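This report concerns only the one structure given below.
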Amino acid sequence: MEENLSNKRMERAAPSEAKSASRLKDLAWAVSRAILGKDDVVRLSLAALLARGHILIEDIPGVGKTTLAHGLARSISCSFRRIQFTSDLLPSDILGVKIYEPASGEFKFMPGPIFNSIVLADEINRTTPRTQSALLEAMNEIQVTIEGETFELPRPFMVIATQNPLEHHGTYPLPDSQLDRFMMSVQVGYPGLADERRILAGAGQDPLSEEFKPVMRAEELVYWQGRVDQVRMDPEVLEYLLELVQRTREHKRLRLGVSPRGALALRQAAKSLALFEGRHYCLPDEVKALASPVLAHRLILSGPGGLEEKRLAAREVVEEILDAAPAPY
């Protein structure tokens with residue numbers, strides 16, 4: 001009897017799940033028109049967007065970090081703003097400022113560029129930690145506080161930050177508290193030979209051109225974000241996730257492991273990826289696929305070494321933990 005009821009529930013859910021896979025794949029196709037040959041990066045970026053997370057895109061200049069962000073933003077019919085981070089940028093340049101109006105005798109709030117659905121923080125590590133930290137409240141609570149007054153940000157809301165390697169001149173390392181607010185850290189990498197040939201031949205579509213049309217409205221995206229919360233994670237998969245997190249806290253090469261915020265981010269990202277694949281339940285494969293993008297940038301390694309070396313070592317540690325922790329199925 002229970003089995004029959006379960007089958008009926010799955011039959012009723014099937015059309016909805018098929019629709020989610022179709023619509024979300026349409027969105028992925030639209031973004032992939034802007035950046036060729038990077039389907040995995042597009043998939044991770046959309047998983048973060050569906051999970052209401054933020055992404056940090058780390059790589060050398062010229063490989064398509066900004067193009068990816070533009071493509072993602074232009075594929076959705078919502079407000080978008082790019083902030084070019086420089087050493088003289090102030091927090092008020094991001095959040096906004098209150099200006100006194102002599103005619104009314106009152107202060108009027110002038111919102112900054114953060115009051116958009118998708119915000120591109122371009123080269124975020126070229127500004128000072130004080131200005132970087134201006135994003136903390138917005139990324140964590142989807143609101144900003146100016147002189148004691150709180151202002152809500154639009155829904156959906158996502159920060160896409162890009163940064164060049166820290167060895168480049170004129171950069172500032174992101175504080176650990178800032179890194180922890182990013183759901184994922186991804187690398188774009190060089191294109192393959194065939195894809196680069198297509199790029200040089202002009203096959204990619206400019207996400208800033210008028211021909212690059214959105215394929216999803218903001219209201220629909222908010223709906224799919226809500227559907228992520230309904231994706232099921234079985235106890236066996238949740239225990240597997242918790243084991244991975246616990247192992248980061250006990251690893252001999254790490255000074256600090258993953259925080260509860262990181263564990264929550266991995267759970268939500270896994271559920272988001274399952275919805276992207278058209279399922280209403282998570283598999284261990286989703287947890288494994290997202291472990292490095294979600295966890296590695298949160299780890300703090302012991303011992304000396306440059307920041308770039310430590311970043312690479314953190315990804316190695318995550319791979320070691322995945323090899324050591326058997327998946328439930």
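If you average 1/r over every pair of different alpha-carbon atoms in the stretch 28-154 and take one over that average, what Kirkwood value in Å do you get?
After inverting the mean inverse Cα-Cα distance, the result is 16.0 Å.
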Taking amide H positions as placed in the peptide plane 1.01 Å from N, state which residues far from Val97 in sequence (5 or more) or on other chains have amide H under 5 Å from it. Met110, Gly112
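If each residue of separation counts as 0.36 nm, what is the full-extension length gain between Arg81 and Glu236 once their alpha-carbon separation is subtracted?
Values: separation 155, 0.36 × 155 = 55.80 nm, distance 4.14 nm.
Gain on stretching Arg81 to Glu236: 51.7 nm.
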If you work out Cα Rg over 2.2 N^0.38 Å from the coordinates, which of [x] 0.94; [y] 0.98; [z] 1.04 do you get? [z]
With a Förster radius of 25 Å, plug the Cβ-Cβ distance of Glu106 and Arg130 into 1/(1 + (r/R0)^6) and report the FRET value to the nearest 0.05. 0.30
Extension gain Ile60-Glu319, at 0.36 nm per residue separation less the Cα-Cα distance, in nm? 90.9 nm
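Averaging over every viewing direction, what projected area does the convex hull of the Cα atoms of the stretch 161-266 cover, in nm²?
Numbers: hull surface 47.4 nm².
Over every viewing direction, the Cα hull of the stretch 161-266 projects on average to 11.9 nm².
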Write down the percent of antiparallel bridges among all DSSP beta bridges whose residues are both part of the chain, to the nearest 5. 40
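Since every read-out is calculated from the coordinates, none of them should be taken as a lab result. Keep in mind the model is a prediction, meaning the values are calculated, not measured. Don't worry about glycine lacking a Cβ; one is built from the backbone with ideal geometry, like all the others, and counts go over all protein chains shown.
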